[in-house]
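Notes for the one structure printed next.
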Amino acid sequence: MKLNRWMLAGMMTGAANMAMGQIHGYKDTEKLPGVPWGVHDPDRPQPRVVETAGAVVVKPPSDATVLFDGKNLDAWTQNGGPAPWEIKDGVMVVGKKDIQTKESFGAVQLHFEWRLPADRKVDGQKGGNSGFFLMGMYEVQVLQSNNNPTYPDGQAGSLYGQLPPLVNATSPQGEWNSYDVTFVPPVYKDGKVESPARITIFHNGVVVQNGEAYLGTTQHKKLASYPAKHPETGPIRIQDHNDPMEFRNIWVRPLGQRDQPAKP
């Protein structure tokens with residue numbers, strides 16, 4: 001039998017974990033609404049694996065705001081100062097502490113590409129973990145999930161702590177992944193949530209979240225909820241989880257309104 005790249009990656013990176021049958025998670029958390037599992041429950045069924053052709057590389061459209069093109073980190077900041085993460089061979093490498101965009105956004109289309117170096121040891125949430133926080137509050141989980149089992153609401157493409165992806169479309173470790181995301185913030189009326197935040201995610205061209213609602217802002221080991229007050233816009237934040245995740249080709253498009261006159 002000829003081994004393809006997915007089978008080889010499984011043999012090299014995740015076979016030991018799978019053989020042990022040990023999936024890290026938590027059994028003492030609150031139950032998620034509508035399902036019999038709690039937040040970060042290791043017993044929740046693992047999403048089925050879908051093999052893809054890898055990252056879908058998309059050139060920024062003419063109206064996109066380019067957040068990273070391999071040249072500099074001018075669009076990013078850390079605590080009001082320069083973003084100190086490294087750029088290596090045109091790739092952004094996660095450094096110490098989170099960074100966020102200088103500009104704030106509401107409803108957006110977002111594209112970015114990510115990978116974990118092939119020689120990095122992974123074990124569940126350890127070794128290959130990061131995340132993009134829309135408006136600084138709503139996480140799209142980034143995790144090397146190819147042959148690396150973890151609690152399903154914490155794997156690649158999940159709404160962290162809330163909803164697993166429909167499938168596991170993660171590329172073998174060392175290869176690039178792409179996320180194409182549309183996000184709409186919640187709508188408040190009279191101090192209450194009238195419409196929740198919603199998101200669609202394509203992982204390597206495969207739908208893994210389809211217009212799903214966030215239960216609230218992202219939490220760890222806690223049931224998510226919405227704050228009493230909510231900003232109209234917020235920065236996009238990238239998480240430092242002490243792992244050398246790599247990013248490239250990051251751009252965003254604010255989602256406008258239909259039937260608006262074109263700008264001169």
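The values are calculated or read from the model by the stated rules, or taken from the named source; none is laboratory data. Remember, it's a predicted structure, so these values are computed and weren't measured experimentally. Backbone-built Cβ (ideal geometry, glycine too); neighbour counts: all protein chains shown. All accessible areas refer to the heavy atoms of the entire protein, side chains included, with ligands and DNA or RNA removed. Shrake-Rupley method; radii C 1.70, N 1.55, O 1.52, S 1.80 Å.
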Practice item. Sort out which residues of segment 158-180 are open to solvent by less than 10 Å² (accessible area, probe 1.4 Å) and closer than 14 Å to Ala53 by Cα, and write them in order of number. Key: Ala169, Thr170, Ser171, Pro172, Asn177, Ser178, Tyr179
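For segment 83-135, give me every one of the strands (runs of 3 or more DSSP E) that falls completely inside it and has 2 or more residues that are open to solvent by less than 10 Å² (accessible area, probe 1.4 Å) and out of contact with any helix residue (DSSP H, G or I) (no Cβ under 6 Å at 6 or more places or on another chain).
Those strands (runs of 3 or more DSSP E) span 99-101, 108-115, 129-134.
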Point to revise | First in segment 194-210 and closer than 14 Å to Val56 by Cα and among the hydroxyl-bearing types (Ser, Thr, Tyr), second anywhere and at pLDDT 95 or above and open to solvent by less than 10 Å² (accessible area, probe 1.4 Å), Cβ under 9 Å, 6 or more apart | key: none
Exercise for review: Report whether or not Asp190 is among the acidic types (Asp, Glu), surrounded by fewer than 19 Cβ atoms within 10 Å (Cβ to Cβ) and in contact with a strand residue (DSSP E or B) (Cβ under 7 Å, 6 or more places away or on another chain).
Suggested key: no
Practice item. Return a yes/no flag: does segment 202-220 have any residue that is open to solvent by 30 Å² or more (accessible area, probe 1.4 Å), out of contact with any Gly (no Cβ under 8 Å at 6 or more places or on another chain), assigned to a loop (DSSP other than H, G, I, E, B) and closer than 22 Å to Gly54 by Cβ. Key: yes
Practice item. Could you please find all residues in segment 71-82 being out of contact with any Phe, Trp or Tyr (no Cβ under 9 Å at 6 or more places or on another chain) and surrounded by 14 or more Cβ atoms within 10 Å (Cβ to Cβ)? Key: Thr77
Point to revise | Total residues in segment 221-240, condition under 30 Å from Val50 (Cβ atoms) and crowded, with 17+ Cβ neighbours inside 10 Å | key: 6
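For Met20, state whether it is at pLDDT below 95, over 16 Å from His220 (Cβ atoms) and loosely packed, with under 11 Cβ neighbours inside 10 Å.
On the way: at pLDDT below 95: yes; over 16 Å from His220 (Cβ atoms): yes; loosely packed, with under 11 Cβ neighbours inside 10 Å: yes.
Considered against the rule, which asks whether it is at pLDDT below 95, over 16 Å from His220 (Cβ atoms) and loosely packed, with under 11 Cβ neighbours inside 10 Å, Met20 comes out as yes.
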Exercise for review: Could you tell me whether Leu166 is more than 11 Å from the chain's Cα centre (by Cα) and hydrophobic (A, V, I, L, M, F, W, C)?
Suggested key: yes
Check your understanding: Which residues, counting only those in segment 170-186, are aliphatic (A, V, I, L, M) and more than 13 Å from the chain's Cα centre (by Cα)?
Key -> Val184
**Study point:** Hits in segment 136-157 - residues which are farther than 19 Å from Asp98 by Cα, open to solvent by less than 20 Å² (accessible area, probe 1.4 Å) and touching a Phe, Trp or Tyr at 6+ places or on another chain (Cβ under 9 Å)
**Key:** Asn146, Tyr151, Pro152, Asp153, Gly157
Check your understanding: Looking at segment 221-264, which of its residues are closer than 19 Å to Thr182 by Cα, outside any loop (DSSP other than H, G, I, E, B) and not aliphatic (A, V, I, L, M)?
Key -> Gly234, Arg237, Phe247, Arg248, Asn249, Trp251, Arg253, Pro254
Review point. Among the residues of segment 47-69, is any at pLDDT 95 or above, open to solvent by 90 Å² or more (accessible area, probe 1.4 Å) and closer than 24 Å to Lys126 by Cβ?
Key: yes
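Can you confirm whether Ile238 is closer than 16 Å to Ala107 by Cβ and β-branched (Val, Ile, Thr)? Step through it out loud before you land on a result.
Details: closer than 16 Å to Ala107 by Cβ: no; β-branched (Val, Ile, Thr): yes.
Judged against the criteria, Ile238 is not a match.
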